[in-house]
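Trainee: My questions will all concern the structure given below.
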Amino acid sequence: MKYSIALHGGAGTILPHLMTPEKEEAYKNGLKNALLVGEQLLKDGKTALDAVEATVKSLEDNPLFNAGRGSVFTHQGTHEMDASIMNGIDKTSGAVAGIKGVKNPISLARKVMEQTEHVLLAGNGAQEFAISVNEKMEDESYFFDEFRFEQYQQALQYDSVFLDHSDEKFEQGEKKFGTVGAVALDSFGNIAAATSTGGMTNKKFGRLGDSPIIGAGTFADNTTCAVSCTGHGEFFLRAVVAYDISCLMAYKGMTLKEAANYVVKDKLVKFGGEGGIIAVDVHGDIQMIFNTEGMYRASKSSSTDYFIAIYK
């Protein structure tokens, strides 16, 4: 049975000397556990869509990652989450933006895809929809994390929008783009992608990045590839990164590796875009490309062993 799966938990200035052995171990365990969840579904003959949703849910439930439970604080001291999911068979997609209190935004995004005629629901309307489909909700205390709260306090002090970085490392310039995502190829030859995030610490005015935007942060097409992005969202939006990689394969005949390397390491770099992508094509080739010091990432396929890494 042929299958491939890859996931990410954010990219950025992630350096070994800035990480304790305990924290590194915790991150790797979180990545491995999420990978195993998705892989098992693929082994059981489930769809790529099922696998990416379940993998992302596992990461959303882990407070180490900036999505779901681990989402960062907004300027108002709340949590506004975004997510999107896309099916490569028919390019059906679902996304939610600026939602509060939803335990697993990625599952709500899938319900938008399957239970409405829309692609993207935002704010209060998305909230109403979540309640109407009995999506699991949690109160504010579920999303409270001491480490995230300290980041938020410092961001308020600097009156700045912070990327997901550690407070004591701010002076040393540590930056982490906190987003989670997964891509998969199933035994039926179909691919899918999913992405979820809590956004930027101290974000104002309902700011959105690329994660809930189909084509920018998430894309899947059975004729090319499935992509999930993590990085400085404003740049990924301008470069329409996920779709761009697919386009280079479709129109220029590039391989997934060639397309991903060109977009992430050349095109993005030229105008200051930092971050990375995970992608899989219909042959099961996995690419995890980034232009930062590190990216939390993991992959497994029917023909390759478990791969879990943080640094370059």
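Read-outs: derived from the displayed coordinates by stated rules, not from any lab. Everything quoted here is computed from the prediction, not taken from an experiment. Because the Cβ atoms are built from the backbone with ideal geometry, glycine has one as well, and the counts that use them run over all protein chains shown.
Trainee: Classify region 122-277 from the C-alpha gyration tensor, please: rounded if a/c falls under 1.5, else prolate or oblate depending on whether a/b exceeds b/c.
Mentor: Judged from the Cα gyration tensor, region 122-277 comes out oblate (a/c at least 1.5, b/c at or above a/b).
Trainee: Using only the Cα atoms of region 210-312, build the gyration tensor, take square roots of its eigenvalues as a ≥ b ≥ c, and label the shape rounded, prolate or oblate: rounded if a/c is under 1.5, else prolate if a/b is larger than b/c, else oblate. Before the final figure, lay out each step's value.
Mentor: Details: a/c = 1.64, a/b = 1.13, b/c = 1.45.
Oblate shape, in that a/c is at least 1.5 and b/c is the bigger or equal ratio.
Trainee: In nm, give the distance between the simple-model label positions of T223 and T20, each being 7 Å from the Cα along the Cα-to-Cβ direction.
Mentor: Result for the modelled spin labels: 5.2 nm.
Trainee: Sorted by average packing, counted as other Cβ atoms within 10 angstrom per residue and highest first, what order do 238-244, 41-47 take?
Mentor: Sorting 238-244, 41-47 by mean packing, highest first, produces 238-244, 41-47.
Trainee: A further question on this structure: Just add up the charged neighbours of L41: K/R +1, D/E -1, any other residue whose Cβ is under 10 Å from the Cβ of L41.
Mentor: Residues close to L41 contribute a combined charge of -3.
Trainee: For the pair F271 and F205, how long in nm is the line joining their label points, each one 7 Å along Cα→Cβ?
Mentor: 1.9 nm
Trainee: Please get the size of the charge dipole for region 1-145, origin at its Cα centre, with Cβ charges of +1 on Lys and Arg and -1 on Asp and Glu, quoted in debye to the nearest 20.
Mentor: 400 debye
Trainee: Per DSSP helix of 4 or more residues, -39500 (n - 2.57); summed, then divided by the residues of the chain. What does that give at 222 nm, rounded to the nearest 500?
Mentor: On the way: 9 runs with 100 residues, N = 312.
Calculated from helices alone, the mean residue ellipticity at 222 nm is -9500 deg cm²/dmol.
Trainee: In region 4-311, if the dipole is taken from +1 on Lys/Arg beta carbons and -1 on Asp/Glu beta carbons about the Cα centre, which of F144, V183, N104 is farthest to the positive end?
Mentor: Toward the positive end, the furthest listed residue is V183.
Trainee: Sticking with this one: By per-residue mean of other Cβ atoms within 10 Å, what is the highest-first order of 139-148, 296-305?
Mentor: Working: 139-148: 13.7, 296-305: 19.1.
Top of the packing list down: 296-305, 139-148.
Trainee: Determine the sum of side-chain charges near T92: Lys and Arg each +1, Asp and Glu each -1, restricted to other residues whose C-beta is under 13 angstrom from that of T92.
Mentor: Charge balance near T92 sits at -1.
Trainee: Taking the mean number of other Cβ atoms within 10 Å as a proxy for protection, how do you rank 188-195, 21-28 from highest to lowest?
Mentor: 188-195, 21-28
Trainee: I've got another one for you. For percent of Cα pairs over 27 Å apart, pick the label among [x] 39; [y] 46; [z] 34 that corresponds to the value derived from the coordinates.
Mentor: Checked against the structure: label [z].
Trainee: Here is a further query. So what is the relative contact order for region 4-311, in percent, with contacts set as C-alpha pairs under 8 Å and at least six apart? If you can, show how the numbers build up before the last one.
Mentor: On the way: 826 pairs, mean separation 78.8, N = 308.
Value for region 4-311: 26 percent.
Trainee: With helices defined as uninterrupted DSSP H runs, which ones in the chain have an alpha carbon span along their own long axis of at least 30 Å and mean Kyte-Doolittle hydropathy of at least 1.0? Present the calculation step by step, with values, prior to reporting the outcome.
Mentor: Working: long enough: 21-43 (32 Å, -0.74).
Length and hydropathy pass: none found.
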